[in-house]
Amino acid sequence: MIMRAVAIGRYGGPEVLELVELPLPEPKPGEVLVAIRAAAVNPADGKWRAGMFAGFAPVGFPHILGYDVAGTVAGGDGLPVGTRVAAMLDPFIKGGYADHVAVAADRLVAMPDGLSFEQAAAVPTAGLTGSQLVERAVDARPGQRILITGATGAVGRFALDAARRRGVAVVAAVRTSRKAEALALGAEAAIALGEEDWTGVPFDHVVDTVGGDAVAALCRHLRPGGRIATAATTPIDPQGLPATPEFYAVVADAERLGRLLEAVAKGEIAVPIARVMPLEQAAEAQRLTDAGGAGGKIILAP
Ligand SMILES: NC(=O)c1ccc[n+]([C@@H]2O[C@H](COP(=O)([O-])OP(=O)(O)OC[C@H]3O[C@@H](n4cnc5c(N)ncnc54)[C@H](OP(=O)(O)O)[C@@H]3O)[C@@H](O)[C@H]2O)c1
């Protein structure tokens, strides 16, 4: 039995992504075989492809990228065949750019009714990262005010939603063209990142999804004792800041993912999807994601 996948045989640009046929994964005990209907393209996919993480986490080739999948159970342990499921895969193993993947059963969440496979695939990594940044990394408390950079992006909008639910006021630092959207999503104020400074009371914490000098400049408005949590790979220069930026890496959390999928299914959180593309166009999908500005997730459909 074989499956179709898009794999890399070496590190490089999007051109190293190749459509291949590989043996159908055989689920081990405690694993479920999922027939993938939709897989998200995340910014990290291009970084793995380019070898940015090769120093501490080299991959074996061929390597199938892709963290986030939604599909139906096709075999293995634990769940009836045909159950609609979504998951964040192990970020070091991955395997989303394929028509099947074997997933540890405890990573899988049954999809709520009414949610499409494309919407479900758009949630796991972005949703878990955004909500964990607010609730775990900085643990913002009701009544506090936090800065969220890139607040209308995939991670940022889940961070904004998590803050709003906790009664935490949000100052959103976004592109000028996204300020109105950030306010509509519930931010108390929106400023153009890199163009406007913050003149209000200091932030209790900073949740960053962009990184770089413009973010560092705003971090100067952090109150002493506050934290700076960043998910971005572009570093924030700590010089002159009230706190040292701390990198936060998402962790799997099926229970939290279930809550996020429910919220999206109920329309409480909008997850814009910019494009749904066939699996064989993964290289073009990554070019678009690498370039930024897509305005939503790019989803691959095998
Ligand atoms: N550490 C972890 O565990 C983890 C997990 C998930 C994601 N991440 C990282 O978090 C970052 C965000 O991921 P994402 O999925 O949310 O990406 P995304 O959907 O592209 O969102 C990023 C947002 O930031 C905006 N942005 C980028 N540069 C900007 C700038 N200079 N000024 C103003 N706005 C800017 C983008 O706008 P444009 O689209 O217009 O550029 C976009 O709205 C990526 O670096 C990703 O690799 C890390």
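The values are calculated or read from the model by the stated rules, or taken from the named source; none is laboratory data. None of these values were measured; they are calculated from a predicted model. Cβ: placed from backbone, ideal geometry, glycine included. Neighbour counts: every protein chain shown. Side chains included, ligands, DNA and RNA excluded: accessible areas come from the protein's heavy atoms. Shrake-Rupley method; radii C 1.70, N 1.55, O 1.52, S 1.80 Å.
Among DSSP bridges having both ends in segment 129-247, what percentage is antiparallel? Round to the nearest 5. Please list the in-between numbers first.
Working: 0 of 19 bridges.
Taking every DSSP beta bridge with both residues in segment 129-247, the antiparallel ones total about 0 percent.
Using the crude model of +1 on Lys and Arg Cβ and -1 on Asp and Glu Cβ, and no other charge, please compute the dipole size for segment 129-247 relative to its Cα centre, in debye to 20. Mind dumping the intermediate values first?
Details: 13 positive and 13 negative charges, 75 e Å.
Using Cβ point charges on Lys, Arg, Asp and Glu, segment 129-247 gives about 360 debye.
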* **Translational diffusion of the chain, µm² s⁻¹ [Kirkwood Rh, Cα pairs; Stokes-Einstein; 20 °C; 1.002 mPa s]** => 110
* **DSSP-assigned coil residues among trypsin sites (Lys or Arg not before Pro) in segment 254-302, each with at most 11 further Cβ atoms within 10 Å** => LYS266
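Name the shape class, rounded, prolate or oblate, that the alpha-carbon gyration tensor gives for segment 129-247, where a ≥ b ≥ c are the square roots of its eigenvalues, rounded holds for a/c under 1.5, and otherwise prolate holds if a/b is larger than b/c and oblate otherwise.
Details: a/c = 1.31, a/b = 1.12, b/c = 1.17.
Note, shape of segment 129-247 comes out rounded.
Could you check what % of the DSSP bridge pairs in segment 51-192 are antiparallel, to the nearest 5?
45
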* **DSSP-defined antiparallel bridges as percent of all bridges, the chain, nearest 5** => 60
* Asked: What are the trypsin sites (Lys or Arg not before Pro) within segment 157-232 that DSSP puts in a loop, where the Cβ has at most 13 other Cβ atoms within 10 Å?
  -> ARG220
* To do: Enumerate the lysines that LYS94 could reach by cross-link, defined here as Cα to Cα under 29 Å, with residues fewer than 8 away along the same chain left out.
  => LYS28, LYS47, LYS266, LYS297
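Does segment 69-189 come out rounded, prolate or oblate, given a ≥ b ≥ c as the square roots of the eigenvalues of its C-alpha gyration tensor, rounded meaning a/c under 1.5 and, failing that, prolate meaning a/b above b/c? Write down the numbers at each step before the final one.
Numbers: a/c = 2.56, a/b = 2.23, b/c = 1.15.
Judged from the Cα gyration tensor, segment 69-189 comes out prolate (a/c at least 1.5, a/b above b/c).
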* **Per residue accessible area of segment 129-247, 1.4 Å probe, in Å²** => 42
* segment 52-108: which chymotrypsin sites (Phe, Trp or Tyr not before Pro) are DSSP loop and have at most 12 other beta-carbon atoms within 10 angstrom? -> PHE56, PHE92
* Asked: Can you run phi through the Karplus equation (6.51, -1.76, 1.60; θ = phi - 60°) for segment 78-95 and list ³J(HN,Hα) in whole Hz, with x for Gly and Pro?
  -> x, 10, x, 4, x, 4, 7, 9, 9, 7, 9, 6, 4, x, 8, 9, 6, x
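Given the -39500 (n - 2.57) contribution per DSSP H run of 4+ residues, what per-residue ellipticity at 222 nm results for the chain, rounded to the nearest 500 deg cm²/dmol?
Working: 8 runs with 71 residues, N = 302.
Computed ellipticity for the chain at 222 nm equals -6500 deg cm²/dmol.
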* Global form of segment 5-154, assessed from the alpha-carbon gyration tensor, a/c cut-off 1.5 -> oblate
* To do: For the chain, give the magnitude of the charge dipole about the Cα centre (Cβ charges: +1 Lys/Arg, -1 Asp/Glu; no others), in debye to the nearest 20.
  => 480
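Would you tally the net charge around ILE299, using a Cβ to Cβ cut-off of less than 11 Å, leaving ILE299 out, and scoring K and R as +1, D and E as -1? Display every interim value, and only then the final one.
Working: positive: ARG37, ARG275, LYS297; negative: ASP68, GLU118.
Around ILE299, the surrounding residues sum to +1.
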